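This report concerns only the one structure given below.
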Amino acid sequence: MSLTLFYTSVSSSVQIKKSQEKIQSVLDSKKIPFRLVDIAQCSEDKELMRKICGDPTALPPQLSNGDVYCGDFAAFENAIEEERLNEFLKL
């Protein structure tokens, strides 16, 4: 399985952009390999993200490990605070 970050390259929301950047920064700093999937480029990727999340209205950023949903940005931040990032990412 591989870690996937679903994000969007097209967003008017500063909060979404900051959340996406923080996730990428943390994963890079911890040298955790991940794949970026831009849901703005392909509607099939957006539908896949929402299917994995189990939420037809889910917005990026979202994380999954293979087809296993990890969580959204709020859950990611909680995992960092609780020092259980690897468990959260299912590594």
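What follows is calculated from the coordinates using simple rules that are stated; it is not laboratory data. Source: prediction; values computed, not measured. Please note: Cβ atoms are built from the backbone with ideal geometry, for glycine as well, and neighbour counts cover all protein chains shown.
In segment 36-52, what residues are closer than 23 Å to Lys18 by Cβ and either part of a loop (DSSP other than H, G, I, E, B) or within 10 Å of the chain's Cα centre (by Cα) (or both)? Within segment 36-52, Leu36, Val37, Ile39, Ala40, Gln41, Met49 qualify.
The residues on offer are Gly71, Gly66, and the sole one that is free of Cβ contacts under 8 Å to residues at least 40 places away in the same chain and either small (Gly, Ala, Ser) or in contact with a helix residue (DSSP H, G or I) (Cβ under 8 Å, 6 or more places away or on another chain) (or both) is Gly71.
Quick check, is Asp72 charged (D, E, K, R), exposed (fewer than 13 other Cβ atoms within 10 Å of the Cβ) and within 13 Å of the chain's Cα centre (by Cα)? Let's see the steps before the verdict.
Values: charged (D, E, K, R): yes; exposed (fewer than 13 other Cβ atoms within 10 Å of the Cβ): no; within 13 Å of the chain's Cα centre (by Cα): yes.
When the stated conditions are applied, Asp72 does not pass them.
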